[in-house]
Amino acid sequence: MKKLSLIAVLLLAIVATSCGKKEEESKEESKIDKSLLIGEWKKADNSYFETFYSDGTGKEWTPIDDITEEEASWFTWEFNEGTDDMFTKYYEMELGGIVPQSCNILELTSTTLKYNNDGYRATYNLVRVE
């Protein structure tokens, strides 16, 4: 009976170890090219625009709400340490204080940016402005 228990524990350890390796390999495959975030993005229907600058600043505006690029809301942003698929946007409020918004990148290519924003509980599907 002890041998059977020992074999069961060893098999469980082997299965757990092999699953962990697959997870690590999957994480390495999912690394994104962070430099692709820099640039101007928009919703396909031109109702929302967002620009990320390489100096860690950015802006967003919504023509559908009659907000022009000149009236855009500015933010600072940075990639979260230790991750390749998360960044945080920081909005300075007019009355003081800074509001962080955590964002999870779901897809980032040279032409497509898809991310969700935890604060607004929204998913953004954007295409690069040419």
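Note the full-extension length gain between Ile64 and Glu130 as 0.36 nm times their separation in residues minus their Cα-Cα distance, in nm to one decimal.
Working: separation 66, 0.36 × 66 = 23.76 nm, distance 1.99 nm.
Here the segment from Ile64 to Glu130 would lengthen by 21.8 nm.
Heavy atoms only, probe 1.4 angstrom, no DNA, RNA or ligands counted: give me Ile98, Ile67 ranked by accessible area, highest first. Intermediate values should be presented prior to the final figure.
Working: Ile98 110, Ile67 60 Å².
So the residues, ranked largest to smallest area, are Ile98, Ile67.
In what order, largest first, do Ser35, Ser54 sit by accessible area if the probe radius is 1.4 Å? Could the numbers behind the result be given before it?
Working: Ser35 75, Ser54 105 Å².
Accessible-area ranking of Ser35, Ser54, largest first: Ser54, Ser35.
One quarter of the convex hull surface built on the alpha carbon atoms of region 45-106 amounts to 5.3 nm², the projected area averaged over directions.
Accessible surface ranking for Thr109, Thr88, 1.4 angstrom probe, highest first: Thr109, Thr88. Its Cα gyration tensor gives region 27-130 an equivalent ellipsoid, and the semi-axes of that ellipsoid, as √(5λ) in whole Å with the largest first, are 21, 17, 12.
Region 68-130: which chymotrypsin sites (Phe, Trp or Tyr not before Pro) are DSSP loop and have at most 15 other beta-carbon atoms within 10 angstrom?
Here the chymotrypsin sites (Phe, Trp or Tyr not before Pro) that fit, given the DSSP loop and packing criteria, are Tyr120.
On a per residue basis, region 54-130 carries 64 Å² of accessible surface, using protein heavy atoms and a 1.4 Å probe.
The values are calculated or read from the model by the stated rules, or taken from the named source; none is laboratory data. This one's a predicted model, so the numbers in the text were calculated from it and none came from an experiment. Heads up, the Cβs are rebuilt from the backbone with ideal geometry, glycines too, and the neighbour counts pull from every protein chain shown. Keep in mind that these areas ignore ligands, DNA and RNA; they rest on the heavy atoms of the full protein, side chains included. Shrake-Rupley method; radii C 1.70, N 1.55, O 1.52, S 1.80 Å.
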